[in-house]
Amino acid sequence: MRFTDFGLAPTLLQSIAAAGYHAPTPVQAQTLPPALQGSDLLVSSATGSGKTAAFLLPCLHRLIATGPQRRPRVLVLAPTRELAQQVGRAAQALAGRGGPRVAVLVGGAPYAVQLKALKGPVDLVVATPGRLMDHLQRGRLDLAGISTLVLDEADRMLDLGFAEDIEAIVARLPAGRQTLLFSATLDGVVGRLAERVTRAALRIEIARTPEAAPRIDQRLLFADGHEHKLRLLDHLLKDQTLKQAVVFTATKVGAEDLARRLQQQGHAAAPLHGDMGQGARNRALRALREGSARILVATDVAARGLDVPGLTHVINFDLPMQAEDYVHRIGRTGRAGRTGAAWTLAHHRERGKVRGIERYTGASIPVATLPGLEPKAVIPEQKAFAPSRRTPSAADRGRRPAGKPLAPSARERAPRHDMRHRQH
């Protein structure tokens, strides 16, 4: 099958060819036909499967076919600034010069730039829920003309506390719109959201292929305490094979403090978290991509959407809040056919969290020690991991239990930010 088989607009086919793509990925092959016909879709596919083009191509095709209009007709909601900007760049590249006009609305970016974009004609809006709500509450955007709503990484948006914003945004959209929901899982809280925002949706689940898995050497280091963790980290960062690394922490304060400590030790390190302004975040990412920074100390805001081909190591200084985030964290390395290394530092009291990650991934993480930095506590004997034959529960997969309310708590709702939980 080729992209020419879908009846896409010639300008889109030219953009696809210019990007060097000829054959659609499985998610694109299964999603494009019903999406082009106007069906609501619930799509589950892995990161890197080509899902962005799977929803952008039918949206852009329809915009090209109907021609320019006064109001936006496509709305794409994404959980983080980085992902929204990535989707926006992809939309602009596919639309080409003179094609549908794209506006990206994200927190941390200057309002003046976004207001200027909204004053002109806009066909497709890519936004994070928090910043979109800000514009809607100030009367700067009219969603009455939206014909297609895309919820990208819906599970992640719910995890970050955007449930109430999503509900408020959907309430402002025309009832007859098309809705395309993409998520790593379609069960539990995501499934209940899907029931409310879609109509007779077609369910598409793309199986993960082992061949697509990155080659990542994973190791687990047990630590006696925080200072022991710092010594282990210092040893890992001095490894000559480490070219560039992301060190993940659990909190924003932790990212700042650890980055400052590493800088004092002479490491070229920079922090990245949700409280930083967009300019500072862009500078940190640019420094890493250009090589002037060797280490990025980040919260889970960088666990998805960060693509640095030269990243050789991922170090989990703190364990992730959810087992699913472990997979996204270590997936920042071992990309584009390269090999990568992922080291996880854990206190002995966190063995339960480690087992939760192993249940989610279906494989054990080999325990290692560093010469001269062995933990004083006895390392538990490593047993071969035997995956359960039952279907993993929501708790096993690191997601919310089914009974937890969809709406965030009052504490999670204030103050309003694109990244709601303080650990991010």
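The values are calculated or read from the model by the stated rules, or taken from the named source; none is laboratory data. Just so we're clear, the structure is a prediction, and the values are computed from it rather than from any experiment. We place every Cβ from the backbone using ideal geometry, glycine too, and count neighbours over all the protein chains shown.
Could you please give the count of residues in the range 244-284 that are among the aliphatic types (A, V, I, L, M) and within 15 Å of Gly108 (Cα to Cα)? Before you say what the answer is, go through the steps one by one.
Within the range 244-284, the first condition is being among the aliphatic types (A, V, I, L, M), and the residues that meet it are 245-247, 250, 253, 255, 258-259, 262, 268-270, 272, 276, 280, 284.
Filter once more, keeping what is within 15 Å of Gly108 (Cα to Cα): 272, 276, 280, 284.
Here the count works out to 4.
Per-residue answers, yes or no, for (1) part of a strand (DSSP E or B); (2) modelled with pLDDT under 85; (3) surrounded by fewer than 16 Cβ atoms within 10 Å (Cβ to Cβ); (4) outside the structural domain of Leu311 (by TED's automatic domain parsing):
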{"residue": "Lys243", "(1), (2), (3), (4)": "no, no, yes, no"}
{"residue": "Ala250", "(1), (2), (3), (4)": "no, no, no, no"}
{"residue": "Gly254", "(1), (2), (3), (4)": "no, no, no, no"}
{"residue": "His267", "(1), (2), (3), (4)": "no, no, no, no"}
{"residue": "Ala270", "(1), (2), (3), (4)": "yes, no, no, no"}
{"residue": "Asp275", "(1), (2), (3), (4)": "no, yes, no, no"}
{"residue": "Gly279", "(1), (2), (3), (4)": "no, yes, yes, no"}
{"residue": "Leu288", "(1), (2), (3), (4)": "no, yes, no, no"}
Q.
Can you pull out every residue in the range 290-304 that is part of a loop (DSSP other than H, G, I, E, B) and over 17 Å from the mean Cα position of the chain (by Cα)?
A. Gly291, Ser292, Ala293, Arg294
(Q) On the basis of being within 22 Å of the chain's Cα centre (by Cα), in the same structural domain as Leu13 (by TED's automatic domain parsing) and assigned to a loop (DSSP other than H, G, I, E, B), does Pro72 make the cut? (A) no
Q. Do you know which of the residues in the range 31-53 that are at pLDDT 95 or above and part of a helix (DSSP H, G or I) is farthest from Leu180 (Cα to Cα)?
A. Pro33
Q. Which of (1) out of contact with any Ser or Thr (no Cβ under 7 Å at 6 or more places or on another chain); (2) crowded, with 20+ Cβ neighbours inside 10 Å does Leu36 not meet, given it meets every other one?
A. (2)
Q) Within the range 311-343, can you find the residues that are of a type in the set (S, T, N, Q) and more than 12 Å from Gln218 (Cβ to Cβ)? A) Thr312, Gln322
**Q.** Condition broken by Ile166, with the remaining ones in (1) surrounded by 19 or more Cβ atoms within 10 Å (Cβ to Cβ); (2) assigned by TED's automatic domain parsing to the domain that holds Pro366 satisfied
**A.** (2)
Q.
Checking the conditions here, which among Ala93, Ala103 is part of a strand (DSSP E or B), modelled with pLDDT of 90 or more and in the same structural domain as Leu63 (by TED's automatic domain parsing)?
A. Ala103
Q | Residue tally, condition free of Cβ contacts under 8 Å to residues at least 60 places away in the same chain, in contact with a Leu (Cβ under 8 Å, 6 or more places away or on another chain) and under 25 Å from Glu205 (Cβ atoms), over the range 8-35 | A | 4
Q.
Which residue is surrounded by the most Cβ atoms within 10 Å (Cβ to Cβ), if the candidates are limited to the range 87-110 and must be over 13 Å from Asn282 (Cβ atoms) and touching a residue at least 40 places away in the same chain (Cβ under 8 Å)?
A. Pro100
Q. In the set Ile166, Ile146, which member is farther than 18 Å from Gln69 by Cβ, hydrophobic (A, V, I, L, M, F, W, C) and touching a residue at least 60 places away in the same chain (Cβ under 8 Å)?
A. Ile166
